[in-house]
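The values are calculated or read from the model by the stated rules, or taken from the named source; none is laboratory data. What you see is a predicted model, and the numbers here were worked out from it, not measured in a lab. Backbone-built Cβ (ideal geometry, glycine too); neighbour counts: all protein chains shown.
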Amino acid sequence: MLYYYHFLEVLPVGDYVLVHAGFAMQIVDEKEAEETYALLDEMNGAPRTVEALS
Amino acid sequence: MTAAKARAHASAADGKLTRKEEREAAQALVAEIRRLAAEIERPLRYMEVCGTHTVSIFRAGIRQLLPENVALVSGPGCPVCVTADDYMDKAIAYAHRDDVILATFGDMLKVPGSQSSLAEAKAEGADIRIVYSPLDTLAIARENPEKKVIFLAVGFETTAPTAAALVLAAEQAGLQNVYLLSAQKLVPPALRALLTDPEVRVDGFLLPGHVSVVTGLDVFQFVADEFHTPGVVTGFTPVAILRSLVRLLQQTAKGEARIENEYESVVQTAGSPAARRTLAEVYETVDAPWRGIGVIPQSGLRMKAAHAAHDIERLLPMDVPVGNNHPGCRCGEVLRGIVTPRECPLFGKACIPTHAIGPCMVSVEGVCAAWYKYGQGRFEFGK
């Protein structure tokens with residue numbers, strides 16, 4: 001059943017993906033994903049690190 | 001990779017800048033918008049056709065930043081808002097059957113049908129389950145083999161492949177009690193309907209980013225070629241939206257019309273062929289009703305005959321009268337950008353988010369809900 005959990009031509013392990021309604025829709029830019037996670041971590045109380053990424 | 005990192009999130013799609021960078025970028029873009037607008041002089045109307053854009057524009061206060069002659073208007077970008085009353089009436093009628101479990105995304109619960117809503121049906125004892133992915137329906141169906149489990153398939157190109165995948169997965173798993181009630185719709189036919197509507201005037205489109213993830217850019221080419229109207233596929237941060245507006249104004253200033261991609265970090269020109277294959281395997285296009293707009297040719301998705309066994313409307317047709325919208329509700333004109341919510345006599349009075357009369361106020365991505373939440377209609381935006 002796992003086959004239907006993504007709409008990607010290939011599923012390269014380690015890449016970031018855009019997820020919608022439980023499905024991986026598209027591989028997304030790594031830098032943007034890292035920045036997003038840094039901001040999410042900050043939202044959850046971690047020190048601000050996002051500047052260091054850019 | 002940590003668990004947090006593995007948890008992919010939709011917002012990973014939006015390029016994040018530091019606050020200072022974001023402020024500086026936004027200020028520079030607004031200055032450029034002002035310069036271009038002054039050069040063009042005439043009044044300009046750009047339309048967003050995505051509920052997530054609508055909300056982002058309001059949250060960031062983008063309308064208030066724009067010069068006098070540049071208006072942003074909201075189009076039919078919220079799937080819940082364009083769903084016709086009689087679809088909700090059908091869903092409610094199915095939900096009241098003892099042999100049915102209804103599975104739905106949570107945003108459908110409060111949408112009014114002509115008499116009632118799914119939330120009221122649930123309060124009256126109907127078995128209605130909220131799911132976060134169409135595939136959650138599989139487990140419900142497996143645990144309840146004596147029930148018909150109906151997933152309310154409402155959405156545009158982004159969501160429709162996930163419901164199609166539910167049908168394929170149910171077939172693969174041999175779960176015959178999984179059904180769709182489909183009111184899924186396609187965005188390009190709606191753009192064509194708007195562009196041919198004499199009441200609607202649009203100088204360009206902020207094209208929906210996540211629809212484009214699936215469709216790619218080619219399906220929007222007719223907007224430029226046949227209607228000489230520019231379109232820019234747009235991401236969801238305020239800066240991305242401003243950047244797309246600059247690109248629309250640049251085209252308008254030169255009298256050009258192209259389809260451009262401002263959301264390249266996520267949207268590929270070819271879209272997602274795998275998602276489109278899934279769509280094509282399960283659905284065919286049909287004429288479909290859009291609330292407030294009417295029937296748009298070939299804008300709906302219905303299941304092909306090969307998958308008819310999972311189409312609840314074929315198995316168990318439910319006749320409901322074609323719904324009458326509330327007489328005062330101007331949702332239909334709001335959805336075409338003809339009037340702003342403030343021009344509706346119900347807005348902010350009889351119709352508020354906690355007591356919504358029209359679907360534009362019910363959905364969190366509805367135009368009226370955004371107007372109400374961000375200023376309750378006090379601001380002079382979207383002239």
Exercise for the section: Find the helices (runs of 4 or more DSSP H) located wholly in the range B:205-292 whose residues include 3 or more that are outside the structural domain of B:V167 (by TED's automatic domain parsing) and at pLDDT 95 or above, and list them. Expected result: B:209-215, B:221-227, B:238-254
Handout entry: Residue list for the range B:196-219, restricted to those being surrounded by fewer than 20 Cβ atoms within 10 Å (Cβ to Cβ) and among the β-branched types (V, I, T)
Key = B:T196, B:V200
Problem - Test result for B:T162, under 21 Å from B:T83 (Cα atoms), free of Cβ contacts under 8 Å to residues at least 60 places away in the same chain, within 18 Å of the chain's Cα centre (by Cα) and in a helix (DSSP H, G or I) - result: yes
Problem - Selection status of B:E22, assigned to a helix (DSSP H, G or I) and at pLDDT below 90 - result: yes
Exercise for the section: Starting from residues that are more than 12 Å from the chain's Cα centre (by Cα) and at the interface with chain B (Cβ under 7 Å from one of its Cβ atoms), keep the ones in the range A:1-19 and report whichever is modelled with the lowest pLDDT. Expected result: A:M1
Exercise for the section: For the range B:164-188, name all the residues that are closer than 22 Å to B:S117 by Cα and of a type in the set (G, A, S). Expected result: B:S182, B:A183
Exercise for the section: Using the structure shown, decide if B:Q27 is at pLDDT 90 or above and of a type in the set (S, T, N, Q). Expected result: yes
Problem - Selected residue (only one of B:V267, B:V223, B:V282 is closer than 22 Å to B:G51 by Cα, within 14 Å of another protein chain (Cβ to nearest Cβ) and buried (at least 18 other Cβ atoms within 10 Å of the Cβ)) - result: B:V267
Practice task
List the number of the failed condition for B:P198; all other conditions in (1) over 19 Å from the mean Cα position of the chain (by Cα); (2) not polar (S, T, N, Q); (3) not assigned by TED's automatic domain parsing to the domain that holds B:E48 hold.
Solution key: (3)
Handout entry: From the options B:P112, B:P145, residue that is out of contact with any His (no Cβ under 7 Å at 6 or more places or on another chain), under 30 Å from B:A190 (Cβ atoms) and in a loop (DSSP other than H, G, I, E, B)
Key = B:P112
Exercise for the section: Look through the range B:72-91, keep the residues that are of a type in the set (G, A, S) and farther than 14 Å from B:L152 by Cα, and return whichever of them is surrounded by the fewest Cβ atoms within 10 Å (Cβ to Cβ). Expected result: B:G77
